[in-house]
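Undergrad: Here's a structure for you.
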Ligand SMILES: Cc1cc2nc3c(=O)[nH]c(=O)nc-3n(C[C@H](O)[C@H](O)[C@H](O)COP(=O)(O)OP(=O)(O)OC[C@H]3O[C@@H](n4cnc5c(N)ncnc54)[C@H](O)[C@@H]3O)c2cc1C
């Protein structure tokens, strides 16, 4: 049995996952006066709305190695963003993606989740390994044997594949829904280069390249600190990423590097290169509904995997689930 550390300072609702879905849910619940505690296994909030900072020989550099930009079609999402002005900016011109303005976090993508997390109770570096219920409510067991609770409500806001094992013993139906969803992997390449001139392009979506689907100059996105160095992020195609998912990282990096130089050459002299494997990157097979909610259990599931592979979808799912939880609380 894990050592139980029940804290009365914790909220009545626990949210596992402080990505866009978990944060959207937490903000709405918190704004309605409910006490919420978020748990995330990462060292920062945001999940796949991510920025990686690396120390290089030429200073600390940042790479948006997950989501590249996001849409804001939903009116409520736009209202949320307008309250976070300063953390987001429009990226109006992305070649091949005309017709709609996309947004980015500024000065980096993780500025958006960081701004959303302000004022919330977030426990980082805490991986929840299991959920159980006792007579007082939900207890969350972490992988280091710490336990948190009791909570009246638990929201699971993690990728579908990771939700399955968390909810299997408590709700086989929700576990089956999550097991039916599928998230495609993505190998990302991070490159820093001495700028020999302006970048040849800001970003390109590649339809026919055998390895890459996306190449972007991070430094050319809006609101980035101007510097003499260029940071680039490339994303491999989903089929290539799946075929090389368990491949040797050095070999994968070699292939990404070669493809990067082929496309961006000759304006870049690379002095830093790294590969990042997203085992669960973009939803390929979503569930059918915005969220799952069992009021009798006090258990809910949300995330991009309910609707589609987008930051906005994750936000909409988390926001909608919070509405269902609030309606239940009001009815009691
Ligand atoms: C390479 C890549 C490119 C993308 N490009 C775009 C794009 O251009 N535009 C766009 O809109 N979207 C894009 N996306 C998708 C977008 O990032 C996601 O749809 C969105 O961020 C998902 O949010 P979420 O909250 O549902 O999940 P996540 O962001 O995955 O958040 C889940 C959180 O749960 C935590 N967690 C998981 N298991 C546990 C556990 N057991 N205990 C505690 N914490 C746990 C994780 O650490 C994570 O922080 C991209 C994603 C990737 C990876």
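Undergrad: Looking at 170, 162, which one is in contact (Cβ under 8 Å) with a residue 12 or more places away in the chain, more than 18 Å from the chain's Cα centre (by Cα) and in the same structural domain as residue 15 (by TED's automatic domain parsing)?
TA: Going through 170, 162 in turn, the sole match is 170.
Undergrad: If the requirement is being in the same structural domain as residue 29 (by TED's automatic domain parsing) and either modelled with pLDDT of 95 or more or under 26 Å from residue 239 (Cα atoms) (or both), which of these qualifies: 208, 218, 143? Show your work before the answer.
TA: Working: 208 fails: in the same structural domain as residue 29 (by TED's automatic domain parsing); 218 fails: in the same structural domain as residue 29 (by TED's automatic domain parsing).
Only one candidate qualifies: 143.
Undergrad: Same structure again: Run down 179, 188 and say which single residue is on the phi < 0 side of the Ramachandran plot and in contact with a strand residue (DSSP E or B) (Cβ under 7 Å, 6 or more places away or on another chain). Break it down stepwise before answering.
TA: On the way: 179 fails: in contact with a strand residue (DSSP E or B) (Cβ under 7 Å, 6 or more places away or on another chain).
Of 179, 188, the one residue that is on the phi < 0 side of the Ramachandran plot and in contact with a strand residue (DSSP E or B) (Cβ under 7 Å, 6 or more places away or on another chain) is 188.
Undergrad: Inside the stretch 61-102, can you point out the residues that are buried (at least 21 other Cβ atoms within 10 Å of the Cβ), under 18 Å from the mean Cα position of the chain (by Cα) and part of a strand (DSSP E or B)?
TA: 63, 70, 88
Undergrad: If you don't mind, there's one more thing I want to ask. Collect the residues in the stretch 274-323 that are in a strand (DSSP E or B), within 23 Å of residue 150 (Cβ to Cβ), over 18 Å from the mean Cα position of the chain (by Cα) and touching a residue at least 60 places away in the same chain (Cβ under 8 Å), keeping them in residue-number order.
TA: Answer for the stretch 274-323, where residues must be in a strand (DSSP E or B), within 23 Å of residue 150 (Cβ to Cβ), over 18 Å from the mean Cα position of the chain (by Cα) and touching a residue at least 60 places away in the same chain (Cβ under 8 Å): 292, 294, 299, 300.
Undergrad: Could you go through the stretch 36-52 and let me know if any residue there is surrounded by fewer than 22 Cβ atoms within 10 Å (Cβ to Cβ) and more than 15 Å from the ligand (Cβ to nearest atom).
TA: no
Undergrad: Which of the residues spanning the stretch 195-215 are outside any strand (DSSP E or B) and within 17 Å of residue 281 (Cβ to Cβ)? Step through it out loud before you land on a result.
TA: Let us first name the residues in the stretch 195-215 that are outside any strand (DSSP E or B), namely 196-202, 206-211.
Once the filter is applied, which keeps residues that are outside any strand (DSSP E or B) and within 17 Å of residue 281 (Cβ to Cβ), the stretch 195-215 yields 206, 211.
Undergrad: While we're here: Is there a residue being within 16 Å of the ligand (Cβ to nearest atom), in the same structural domain as residue 319 (by TED's automatic domain parsing) and either surrounded by fewer than 21 Cβ atoms within 10 Å (Cβ to Cβ) or on the phi > 0 side of the Ramachandran plot (or both) anywhere in the stretch 18-30?
TA: No, the stretch 18-30 contains no residue that is within 16 Å of the ligand (Cβ to nearest atom), in the same structural domain as residue 319 (by TED's automatic domain parsing) and either surrounded by fewer than 21 Cβ atoms within 10 Å (Cβ to Cβ) or on the phi > 0 side of the Ramachandran plot (or both).
Undergrad: Just to be sure, is residue 281 under 28 Å from residue 89 (Cα atoms), in contact with a strand residue (DSSP E or B) (Cβ under 6 Å, 6 or more places away or on another chain) and modelled with pLDDT of 95 or more?
TA: Answer is yes for this residue.
The values are calculated or read from the model by the stated rules, or taken from the named source; none is laboratory data. Predicted model, so just to flag it, every value in this text is computed and none were measured. Counting neighbours? That spans all protein chains shown, and the Cβs are built from the backbone with ideal geometry, glycine included.
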